[in-house]
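Here is the structure we will look at, set down as structure tokens.
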Amino acid sequence: QIKRFLPKVDAINALEPEIAKLSDAELKAKTGEFRAKLADGAKLEDLMVPAFAVVREASKRALGMRHFDVQLIGGMVLNERAIAEMRTGEGKTLVATLPVYLNALAGNGVHVVTVNDYLAKRDAAWMGQIYNFLGLSVGTILHGLTDAERKQSYAADVTYGTNNEFGFDYLRDNMKYGRAQMVQRGHAYAIVDEVDSILIDEARTPLIISGPTEDRSDLYLKVDDVMKKIGPEDFDHDEKQRSISFTESGTEHIEELLREAGLLQGNSLYDLENVNLVHHANSALRAHKMFNRDKDYIIRNDEVVIIDEFTGRMMPGRRYSEGLHQALEAKERVKIQPENQTLASITFQNYFRLYKKLSGMTGTAATEAEEFGNIYGLEVISVPTNVPAMRVDNEDEIYRTADEKFASVVTEIEKAHERLQPVLVGTTSIEKSEMFADMLAKKGFEKIDFEDAASLDKLYMAARTGKPSRQFAVLNARFHEQEAFIVAEAGVPGAITIATNMAGRGTDIKLG
């Protein structure tokens, strides 16, 4: 697969001396030339070699970065409606500029999809220098923009944004009353960064736009009080299926409690007049027995904020449906907001299948090649690394008990820290990350407080003098804002960073 791209790589390399002689203005004029050729009936494929050569030269001048041959191959893979699997650190951000420029020449808009707002903003500003140098416009879609600003961003040749923003804009457009009010202008070509995370892990996550229904907060609080008297024998809980229900004796117990509270009408909970009450009781049961604070959600500014189970990030503005969110608000005694009803909904899988041309890049796709092929018709092509990989991947270590495992991890951290090796510890939940923090604190390590402007001075000093700093940083949904900054500093000699699985996908960690 890689071999068939090599003649084109040679052709691009052969053009380099000729293109290097052009002045900045002449290089910029190439965009107009290419567009004129397309208007005359040329195909994008015919323009690929000169267009890639032009982007490489523009990148050298605007960013001081020259695309490696393997990055050119990655660009060709993306242009072929396929997924480029490239190892972490091979420069996927720069690879995307090649097919983005080529496809933007057609003038239908190219969407580059990232996993978070920080990356959308960073990549648009960073790679935008290349596009601007070549006379293309760049837009960014972020949370909190007005419709006019969104429309302007979508009108640009290249638009950066997150999967959530693109999906919600599509739904909102479908609720508009006239074409002129819509912000998107079609779905021509998308490049999805971290494609396995968005198109496989979150493929069936529905995006939902909802509207309010009537307020019933009193009832939630009353049912919540009743729920506190329910014992473990009153319900069946299946952890794997994420389901929970009252047992027969539990139903009798709850009927009794609801009757005492004056909420039950008639004899049985399942009588017609108690339909609403059944729903409330079930929601309250789930809120109390299945959802844990600081794992499934956290309390911020007197609100229940959901934590995404895949990425460990907070999802402000997202709410559970069917009364569950209100039941959690009643449980935590924060302000209960009215329930919602669904007005529009789409899954990421269905949204991304709207694009006429779709491609993606990630460090890990070969394992899901079959799903990509079946669902999206995308082939996965592994692009070799620029220089042979030097990293040693050790086998897994298995322990008899969790305590032995955690103790061993802490010993391992201490040893690496003495050698001034930077350590990144990945954990699956906020609780685990804080447990490691406590264990390190007991060993005499000090936690870095990122509220303090000079928080990293001690770490830098220690790294310069070659002495361990005995400090560590914790990154989880509570420090969401500083996420990219904390991860970027994880490579300083002697740095210890404990992260949940959100660990700043796509952030540059520079070693040293």
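The values are calculated or read from the model by the stated rules, or taken from the named source; none is laboratory data. In this text, all values refer to a predicted model and were calculated from it rather than measured experimentally. Reconstructed Cβ throughout: ideal geometry from the backbone, glycine too, with neighbour counts over all protein chains shown. Keep in mind that these areas ignore ligands, DNA and RNA; they rest on the heavy atoms of the full protein, side chains included. Shrake-Rupley method; radii C 1.70, N 1.55, O 1.52, S 1.80 Å.
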Taking protein heavy atoms only, a 1.4 Å probe, and rounding to whole percent, the accessible area of region 231-311 owed to carbon and sulfur comes out at 42 percent
At 10 °C and 1.306 mPa s, the Stokes-Einstein diffusion coefficient in µm²/s for region 266-313, with hydrodynamic radius from the Kirkwood sum on alpha carbon pairs, is 124 µm²/s
Carbon/sulfur accessible area of region 405-489, % of total, 1.4 Å probe, equals 54 percent
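Return one whole number: the accessible area per residue of the chain in Å², for a 1.4 Å probe.
Accessible surface, normalised per residue, equals 49 Å².
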The simple spin-label model distance between D449 and L63, using points 7 Å out along Cα→Cβ, in nm, is 3.9 nm
Computed ³J(HN,Hα) along region 257-270: with the Karplus parameters 6.51/-1.76/1.60, θ = phi - 60°, integer Hz and x for glycine or proline, the list is 5, 5, 5, 4, 7, x, 9, 7, 9, x, 8, 10, 4, 8
Of the listed links K176/K357; K43/K357; K415/K443, those spanning more than 21 angstrom between alpha carbons are K176/K357
Here the longest stretch of the chain that holds no GluC sites (Glu not before Pro) in a DSSP loop having at most 10 other beta carbon atoms within 10 Å is 1-213
The long-range amide H neighbours of A344, using H built 1.01 Å from N in the peptide plane and a cut-off of under 5 Å, are I209
Taking Cα pairs closer than 8 Å and at least 6 residues apart, the relative contact order of the chain in percent is 15 percent
In region 62-205 the accessible area split gives carbon plus sulfur, as whole percent at 1.4 Å, a share of 49 percent
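Show me the trypsin sites (Lys or Arg not before Pro) within region 239-286 that DSSP assigns to loop and that have at most 15 other Cβ atoms within 10 Å of their Cβ.
Those that pass, being in a loop and sparsely packed, are K240, R242.
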Residue by residue through region 65-76, the couplings from Karplus 6.51 cos²θ - 1.76 cosθ + 1.60 with θ = phi - 60°, in Hz, x for Gly and Pro, are 10, 9, 4, 6, 4, 5, 6, 5, 4, x, x, 5
About its Cα centre, the chain carries a charge dipole, from +1 on Lys and Arg Cβ atoms and -1 on Asp and Glu Cβ atoms, whose size in debye to the nearest 20 is 2060 debye
Amide H contacts under 5 Å for M65, restricted to residues at least 5 apart in sequence or on another chain and with H modeled in the peptide plane, are K60
Quick note, region 88-152: a/c under 1.5 would make it rounded; otherwise a/b > b/c is prolate and the rest oblate (a ≥ b ≥ c, C-alpha gyration tensor); here it is oblate
Diffing region 147-164: the Karplus 3J(HN,Hα) column from phi (6.51, -1.76, 1.60, θ = phi - 60°), in whole Hz with x for Gly and Pro, holds 4, 5, 5, 5, 4, 5, 5, 6, 6, 5, 5, 10, 10, 9, x, 9, 4, 5
Expressed in angstrom and rounded, the centroid-to-centroid distance over alpha carbons for region 55-111 and region 392-438 is 37 Å
Surpassing 21 Å at the alpha-carbon level, of the pairs K8/K92; K405/K458; K228/K289, are K405/K458
